[in-house]
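Q: Structure in structure tokens, see below.
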Amino acid sequence: QVAAMRRKQNRIVYQVLKDNAALSNDGVALFHATHNNLTATGTALSVAAFNVAYALMAKQTGLNSSVFVAVEPRYLLVPPAIRGTALELLRSSSNPAASNSNTNNIWQNGLQPIVDVELSAAASGGSDTAWYLAADSATVDTVEYAYLQGLETPAFERQTMFDRLAVALRGYQSFAAKAIDFRGLYKNVGA
């Protein structure tokens, strides 16, 4: 049951990205042109696409100021359908899109890939082409997850049945996730 609980928490967190709900501080969707963190026309994973995303993230400013917060992507989140392309791009020493194999891949080992089925089209609201970049949480908070009263592990209760030889078990955990800041996230709908 603990593994099932962890899978549910994983699903809840990724659903925050897929739902793209409006943020409480400005009423605008998490990924939106206003937030400069969405490429709606969609491009496949490539060095050029990473460069565009990086430029948008680097230009993020304070919520109430024009001071740049120097957001840099650290994680690449992809569905399993584009896992191979992501790993090839992040591990190749040369740019896979370049006609000259001596063209360096500036993104080699530059991002940590995270592949999760919850981002796929098979999951509610997912896509087999969309990909995301996320900053380190030490730079800017993005999606917050919390437990009720610090209950970070599932609670289990056991009840012995007296009318038959059986035991009833139940497990529960109060857990929630919410997007709190758009500046550390970027979405490309893919191609």
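Q: Looking only at the range 131-172, which residues are acidic (D, E), in contact (Cβ under 8 Å) with a residue 24 or more places away in the chain and touching a strand residue (DSSP E or B) at 6+ places or on another chain (Cβ under 9 Å)?
A: Of the residues in the range 131-172, the ones acidic (D, E) are 136, 141, 144, 152, 157, 163.
Restricting the remaining residues to those that are in contact (Cβ under 8 Å) with a residue 24 or more places away in the chain gives 136, 141, 144.
Matches in the range 131-172: D136, E144.
Q: Say we look at the range 39-55 and pick out the residues that are of a type in the set (S, T, N, Q) and in a loop (DSSP other than H, G, I, E, B); which of these is surrounded by the fewest Cβ atoms within 10 Å (Cβ to Cβ)?
A: For the range 39-55, the residue satisfying everything is T41.
Q: Of all residues in the range 14-42 being out of contact with any helix residue (DSSP H, G or I) (no Cβ under 6 Å at 6 or more places or on another chain), more than 12 Å from L185 (Cβ to Cβ) and among the aliphatic types (A, V, I, L, M), which is modelled with the lowest pLDDT?
A: Applying the filter and picking the extreme gives A40.
Q: Going by the structure shown, is A168 assigned to a strand (DSSP E or B), of a type outside the set (D, E), more than 14 Å from L17 (Cα to Cα) and within 24 Å of the chain's Cα centre (by Cα)? Let's see the steps before the verdict.
A: Numbers: assigned to a strand (DSSP E or B): yes; of a type outside the set (D, E): yes; more than 14 Å from L17 (Cα to Cα): yes; within 24 Å of the chain's Cα centre (by Cα): no.
The answer is no for A168.
Q: Determine which member of the set N104, N100, N95 is among the polar types (S, T, N, Q), at pLDDT below 95 and closer than 18 Å to A53 by Cβ. Let's see the steps before the verdict.
A: Working: N104 fails: closer than 18 Å to A53 by Cβ; N100 fails: closer than 18 Å to A53 by Cβ.
Step by step, each of N104, N100, N95 is checked, and only N95 is among the polar types (S, T, N, Q), at pLDDT below 95 and closer than 18 Å to A53 by Cβ.
Q: Can you tell me which residue is nearest to E152 (Cα to Cα) among those in the range 163-175 that are aliphatic (A, V, I, L, M) and open to solvent by less than 60 Å² (accessible area, probe 1.4 Å)? Write out each step before concluding.
A: Step one: list which residues in the range 163-175 are aliphatic (A, V, I, L, M), which gives 165-169.
Now restrict to residues that are open to solvent by less than 60 Å² (accessible area, probe 1.4 Å): 166, 168.
Details: A166: 29, A168: 23 Å.
This residue is A168.
Q: For the range 138-162, which residues satisfy the criterion of being open to solvent by 80 Å² or more (accessible area, probe 1.4 Å) and outside any strand (DSSP E or B)?
A: A138, D141, L148, Q149, E152, T153, F162 - these are the residues of the range 138-162 that are open to solvent by 80 Å² or more (accessible area, probe 1.4 Å) and outside any strand (DSSP E or B).
Q: Name every residue in the range 21-38 that is open to solvent by 20 Å² or more (accessible area, probe 1.4 Å) and either more than 18 Å from the chain's Cα centre (by Cα) or over 13 Å from A130 (Cα atoms) (or both), in order of residue number.
A: First pass over the range 21-38, keeping only residues open to solvent by 20 Å² or more (accessible area, probe 1.4 Å): 21-22, 24-29, 32-34, 36, 38.
Residues satisfying the conditions are A21, A22, S24, N25, D26, G27, V28, A29, H32, A33, T34, N36.
Q: Let me ask you something else. Among the residues of the range 75-111, which ones are hydrophobic (A, V, I, L, M, F, W, C), open to solvent by 50 Å² or more (accessible area, probe 1.4 Å), more than 28 Å from A138 (Cβ to Cβ) and in a loop (DSSP other than H, G, I, E, B)?
A: First, pick out the residues of the range 75-111 that are hydrophobic (A, V, I, L, M, F, W, C): 76-78, 81-82, 86-87, 89-90, 97-98, 106-107, 111.
With open to solvent by 50 Å² or more (accessible area, probe 1.4 Å) added as a condition, the list becomes 81, 97, 106.
Filter once more, so that each one left must be more than 28 Å from A138 (Cβ to Cβ): 81, 97.
Of everything in the range 75-111, just one residue is hydrophobic (A, V, I, L, M, F, W, C), open to solvent by 50 Å² or more (accessible area, probe 1.4 Å), more than 28 Å from A138 (Cβ to Cβ) and in a loop (DSSP other than H, G, I, E, B), namely A97.
Q: Taking the range 171-191 as the region of interest, how many residues are assigned to a strand (DSSP E or B) and within 30 Å of L133 (Cα to Cα)? Talk me through it step by step, then tell me what you get.
A: Filtering the range 171-191 for residues assigned to a strand (DSSP E or B) gives 171-172, 175-179, 185-188.
Retained after the next criterion (residues that are within 30 Å of L133 (Cα to Cα)): 175-179, 185-188.
Of the residues in that region, 9 qualify.
The values are calculated or read from the model by the stated rules, or taken from the named source; none is laboratory data. It should be emphasised that the depicted structure is a prediction, and the values quoted were computed from it without experimental measurement. We place every Cβ from the backbone using ideal geometry, glycine too, and count neighbours over all the protein chains shown. Ligands, DNA and RNA are stripped out before the accessible areas are found, and what is left, the full protein with its side chains, is counted by its heavy atoms. Shrake-Rupley method; radii C 1.70, N 1.55, O 1.52, S 1.80 Å.
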